[in-house]
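**Q** I have a structure I would like to understand better, so I am pasting it below and will then ask my questions one at a time.
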Amino acid sequence: MHRTLPTFVLSAIVICSVISSAQETFGQSQPVNVSVFSDVPIPEEVLAVAEQSASHIFSSAGVDVVWINCIHGPSTIPDQGCSRTYGPRDLVLRITYHVSTATSDAAFGVAWLAADGSGRYADVFWNRAQELCTNSNADLAQILGNVMAHEMGHLLLGVNSHSVTGLMQARWRGGELHRVAMGTLLFSPEQAERMRAHLAAAGVSMALSRNGRPGIRP
């Protein structure tokens, strides 16, 4: 007992030091890196406004977003980071015509989650964004950005993350589409706190890994 205690104390000090270092490195707002791919010939200006809309939503939740565009086009060149290895604070969105058979007719997209609620990849349905646009006074880019934020929310919040109000509602009707146009369809304070905690934990995990410790062990 007396021989193992110093080792335990030393380990605790190292772990606390790593956590403190991670908090200093990543700050209060834990950024999430989002790689965007597309099977759709989406206009560059539409994607730019969509990403700005999604960034506004996450900024309101205290989360910064770094966009990595991986779309080939006449005037676009994919970012160099598109071929990198993804880490715990990296998400991948694909804008696609394809609508998964695993989703309901009202779904905007699908977030691919494991049984434990973890996930990194989501599809955004272009056709559904266009359908929503025809039924609202919001433009296509605004709607696409809100849909992107909704699917990112599923990846950061895990299973059972739909809510009865706000951005994470399963169905958007007139009131929600009006708020999309106004830029006020947002995450709830509780959802924002959960996402920040998720990203902070990911930052600590990365710091532990860089210090040669894959995780905290007993």
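**Q** Amide H neighbours of residue 66 under 5 Å, at least 5 residues apart or on other chains, H built in the peptide plane: list them.
**A** 32, 33, 34
**Q** What net charge do the residues around residue 167 carry, taking every other residue with its C-beta under 14 Å from that of residue 167, with Lys and Arg at +1 and Asp and Glu at -1?
**A** +1
**Q** Once ligands and nucleic acids are excluded and a 1.4 Å probe is used, how much of residue 133 is accessible, expressed in Å² to the nearest 10?
**A** Residue 133 has an accessible surface of roughly 40 Å² with all protein chains in place.
**Q** Moving on to the next point. How do 172, 112 rank by accessible surface area computed with a 1.4 Å probe, from largest to smallest?
**A** 112, 172
**Q** Subtract the Cα-Cα distance of residue 83 and residue 118 from 0.36 nm times their separation in residues, and report this length gain in nm to one decimal.
**A** Here the answer is 10.4 nm.
**Q** OK, next. Return the long-range amide H neighbours of residue 95 (sequence gap of 5 or more, or a different chain), with a cut-off of under 5 Å between placed amide H atoms.
**A** So residue 95 has HN proximity to 37, 38, 39, 124.
**Q** Working out 0.36 nm times the residue gap between residue 99 and residue 139, then minus their Cα-Cα distance, what length gain in nm do you get to one decimal?
**A** 12.3 nm
**Q** Tabulate in residue order the Karplus-calculated ³J(HN,Hα) for segment 137-152, using 6.51 cos²θ - 1.76 cosθ + 1.60 with θ = phi - 60°, rounded to whole Hz; enter x for Gly and Pro.
**A** Listing the rounded values in order: 9, 8, 7, 4, 5, 4, 5, 4, x, 5, 5, 4, 5, 4, 5, 4 Hz.
**Q** Among 140-153, 45-58, 176-189, how do they line up from the highest to the lowest mean number of other beta-carbon atoms within 10 Å?
**A** 140-153, 45-58, 176-189
**Q** Estimate the FRET efficiency between residue 66 and residue 131 by the formula 1/(1 + (r/R0)^6), using the beta-carbon distance for r and 25 Å for R0, to the nearest 0.05.
**A** Rounded to the nearest 0.05, the efficiency is 0.25.
**Q** Can you sort 94, 171 by solvent-accessible area, 1.4 Å probe, largest first?
**A** 171, 94
**Q** HN-Hα J couplings of segment 195-202 from phi, Karplus 6.51/-1.76/1.60, θ = phi - 60°, integer Hz, Gly and Pro as x?
**A** 5, 5, 5, 4, 6, 5, 5, 5
The values are calculated or read from the model by the stated rules, or taken from the named source; none is laboratory data. Keep in mind that this is a model prediction, so the values were computed, not measured. Every residue, glycine among them, receives a Cβ derived from its backbone with ideal geometry; neighbour counts consider all protein chains shown. Surface accessibility is based on the protein's heavy atoms, side chains included, excluding ligands, DNA and RNA. Shrake-Rupley method; radii C 1.70, N 1.55, O 1.52, S 1.80 Å.
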